[in-house]
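One structure below.
The values are calculated or read from the model by the stated rules, or taken from the named source; none is laboratory data. Quantities reported herein were computed from a predicted structural model and do not represent experimental measurements. When we count neighbours, we look across all protein chains shown, and the Cβ atoms used for this are built from the backbone with ideal geometry, even at glycine. These accessible areas exclude ligands, DNA and RNA; they are computed on the full protein's heavy atoms, side chains included. Shrake-Rupley method; radii C 1.70, N 1.55, O 1.52, S 1.80 Å.
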Amino acid sequence: MKERSFMKSLSAGLVPAVPYLWLGVFFLVPFLIVLKISLSDPAVAQPPYRPLFEWSDIMGFFSALDFENFELLTQDDLYFRATLSSVRIAAISTLLLLLVGFPIAYGMARAPERHRSLLVALVILPFWTSFLIRIYAWIAILKPEGLLTQALSGIGLISEPIEILNTEWAVYIGIVYAYLPFMVLPLYATLEKMDDTLLEAALDLGSTPWRSFWTITVPLAMPGIIAGSLLCFIPAVGEFVIPDLLGGSETLMIGRQLWSEFFSNRDWPLASSVAILLLIILVLPIVIYRDVEARRLETRP
Amino acid sequence: MRRTFAPWADPQAKPLIRVDNVTKRFGDAVAVDHLTLDIFEGEFFCLLGPSGCGKTTLMRMLAGFEYPTEGVITLAGQSLEGVPPYRRPVNMMFQSYALFPHMSVEKNIAFGLKQDGLPKPEIADRVGEMLRLVQLEKLAKRYPSQLSGGQRQRVALARALAKRPKVLLLDEPLGALDKKLREETQFELMDIQHELGMTFVVVTHDQEEAMTMADRIAVMDHGRIVQVADPGEIYEQPKTRFIAEFVGDVNILEGHVMGQENGLWRVKTASAETPLTIDDPDEVLHSGQAVAIAVRPEKMTIQREKPGPEAVNVLTGEVWDIGYLGDWTVYRIKLATGEILRVSRANVSRFVESPIDWDEQVYVTFEPGAAVILAE
Ligand SMILES: Nc1ncnc2c1ncn2[C@@H]1O[C@H](COP(=O)(O)OP(=O)(O)O)[C@@H](O)[C@H]1O
Ligand SMILES: [Mg+2]
């Protein structure tokens, strides 16, 4: 008896520790390593940075760390422009995702109940093919003699090939296409729970369907809108593959900058400081979200 | 004052709502079946019927959430055909209340007024007035999740009343309240309706509630209306066996008509030795017709001594069960045929010498005017 209750309290103590353990091993430790590298100096060596960690000279190790790389980031406006451009592209993409995802999620929530689980499965289905392959497929669609041009000239809408590939538009198309499930699923989850009689009550009180949508449906779907937007915005800011494959050389994004510092210039410390910068940019919306959520729960226990 | 209110008896009076031969089908299922109904201005009208008989569907057609498959509904002489809910001068209080969870009590009540584009101060005045009416002034800033069931019910009522609709539809308005609160709220609803002079259409499956509140009751069954009348008539002159059994308790004795004597019907039943004498002159019957005789429990008397030869309608049985309810005592009497009668007796005195006991042989009698004949 006693042993069992001991096991029970042990497992009760361990279960909440699981997420911390995971985050510790796969987030905190790598983060500390990256942070350390970002404070180091580049070196032509293996690994390509100094100083290396040694127990015998701890004081010397810490005194060799400095903020030079971050200063460099502020001096060259390339990083500032890349950051701004990333945030802009991610924000516009998130908006487009909302515009495309909301009607889809709304339609799914309104579908007959027996169809809904199938629809959810279909939304997730593209994940069965590798992300990279699906983005490559878009090159074939968007390139000047690609499927899109063929289709549009086939029905007589255009006479010249359209230039979409290697523009920002291609990046938007790629992000909207690739991230759509992350927008649709949280929206669907909140919309599905919504009580239809609330909309009827709004209509009954004289509100047109369009106004009822804005005064009832949208506010009640807000948790889903915020969750979906964050799930799309955050990875979109740091996106590398889509701008690299579809965006051409003109599209400036911080993720590409990080990649080129890391692999082309082999400047690991600078690349690490770009990574830290990216993290700082993304912490902000998460904090805002938590704040909004906490206030919402406060007023409505 | 309410007594003289009977516009339905006036052939000149124009109804506020006219439901004209309306049918509503969902696929193959018929929810409302060729239903015709007039409701007059200022009426407290109850739709009463068992679950699934089509009450909510009829309400939803009045509110505009469903459209009739056949037939027309008119409001104040205007057809409601194709008129969406947000253009009808009708408001509904929902069975689930349907309060907006993201709005405070105030905002909920103000919602409908805002849609009309009333100026802000006027909205504030009207909201204050509604909060006073339902006695919720102190809770104006609360959210629905912070209210009790009874308080939510009041917010829903205030919200539906705020626009002063021509007709207020209430779908099972008291269904979610406990018994005591229900009874209090019934009277409050009546007071509010009287004070505002509004037309109320209330759906309920609770016959006591309908009897208490309504000017007129429409009893529904399988999508049809089986009787529309004031509560007294529904109770004392039910048209069918379904109504007699649905509204209040009743004893049913089956038999055959023997004929008419001095304006009274003589009916032969298996339950009584001599034919029963029933005073129900409006019925048109023929000899040999199978009928059911309905007698309410409180209209029967029970006694230990054999009644004299002048007594009519005597049934013999033994006491099967006694239920003491405080104000009433209900006896269940088993007849020789095996039928069980319910007889209730008001407890007018606190002490009874040698009360009737279990298993005793007793005589049950009723007056000719106490029974109604229901053609089968
Ligand atoms: N939207 C609907 N689709 C299909 N059948 C319905 C729908 N609404 C109601 N019904 C059917 O119509 C009948 C009447 O329902 P309802 O009006 O809700 O009855 P009540 O309110 O008297 O309980 C029921 O048999 C119900 O199953
Ligand atoms: Mg109902």
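Considering only residues in the stretch B:13-36 that are within 16 Å of ligand 2 (Cβ to nearest atom) and buried (at least 21 other Cβ atoms within 10 Å of the Cβ), the one that is farthest from the other protein chains (Cβ to nearest Cβ) turns out to be B:35. Report the residue count in the stretch B:159-179 for those that are surrounded by fewer than 22 Cβ atoms within 10 Å (Cβ to Cβ) and away from chain A (no Cβ under 11 Å). Residues that pass the stated criteria total 8.
From the list B:323, B:288, the one residue that fits, being free of Cβ contacts under 8 Å to residues at least 40 places away in the same chain and exposed (fewer than 11 other Cβ atoms within 10 Å of the Cβ), is B:288. Among the residues making up the stretch B:263-275, those that are over 14 Å from residue B:290 (Cβ atoms) and touching a Gly at 6+ places or on another chain (Cβ under 9 Å) are B:266, B:271, B:272, B:275. Whether a residue is within 27 Å of residue B:5 (Cβ to Cβ), open to solvent by less than 30 Å² (accessible area, probe 1.4 Å) and touching a strand residue (DSSP E or B) at 6+ places or on another chain (Cβ under 7 Å) was assessed, and residue B:193 passes this test. Taking into account only those residues within the stretch A:207-254 that are within 18 Å of residue A:105 (Cβ to Cβ), of a type in the set (A, V, I, L, M) and under 21 Å from the mean Cα position of the chain (by Cα), which is surrounded by the most Cβ atoms within 10 Å (Cβ to Cβ)? Looking at residues that are within 18 Å of residue A:105 (Cβ to Cβ), of a type in the set (A, V, I, L, M) and under 21 Å from the mean Cα position of the chain (by Cα), I get A:221. Taking every residue in the stretch B:54-76 that is more than 14 Å from every other protein chain (Cβ to nearest Cβ) and farther than 18 Å from residue A:200 by Cβ and pairing it with any residue that is open to solvent by 50 Å² or more (accessible area, probe 1.4 Å) and not in a loop (DSSP other than H, G, I, E, B), at least 6 positions away or on another chain, the pairs with Cβ-Cβ distances below 6 Å are B:69/B:25; B:71/B:20; B:71/B:21; B:72/B:20; B:72/B:79; B:74/B:18.
Mind listing just one residue for me: the one in the stretch B:196-222 that is open to solvent by 10 Å² or more (accessible area, probe 1.4 Å) and part of a helix (DSSP H, G or I) and, of those, nearest to ligand 1 (Cβ to nearest atom)? Ranking the candidates gives B:207 first. Against the conditions (1) within 26 Å of residue B:376 (Cα to Cα); (2) not in a loop (DSSP other than H, G, I, E, B); (3) not acidic (Asp, Glu), residue B:323 satisfies every one except (1). Test residue B:86 against the criterion of being within 14 Å of chain A (Cβ to nearest Cβ) and more than 16 Å from ligand 2 (Cβ to nearest atom), and give yes or no. It is true that residue B:86 is within 14 Å of chain A (Cβ to nearest Cβ) and more than 16 Å from ligand 2 (Cβ to nearest atom).
State all residues of the stretch A:151-191 that are assigned to a helix (DSSP H, G or I), in contact with a Lys or Arg (Cβ under 8 Å, 6 or more places away or on another chain) and open to solvent by 20 Å² or more (accessible area, probe 1.4 Å); if no residue qualifies, say none. Selection gives A:177 alone. Within the stretch B:132-158, restricting attention to residues that are in contact (Cβ under 8 Å) with a residue 24 or more places away in the chain, at the interface with another protein chain (Cβ under 10 Å from one of its Cβ atoms) and closer than 18 Å to residue B:177 by Cα, the residue that is nearest to the chain's Cα centre (by Cα) is B:156. The lone criterion from (1) out of contact with any helix residue (DSSP H, G or I) (no Cβ under 7 Å at 6 or more places or on another chain); (2) of a type outside the set (A, V, I, L, M, F, W, C); (3) modelled with pLDDT of 95 or more left unmet by residue B:14 is number (3). Going by the structure shown, is residue B:20 in the same structural domain as residue B:186 (by TED's automatic domain parsing) and within 15 Å of ligand 1 (Cβ to nearest atom)? In short, no. Residue B:110 meets all of the listed conditions (1) within 14 Å of chain A (Cβ to nearest Cβ); (2) in contact with a helix residue (DSSP H, G or I) (Cβ under 6 Å, 6 or more places away or on another chain); (3) at pLDDT below 95 but one, namely (3).
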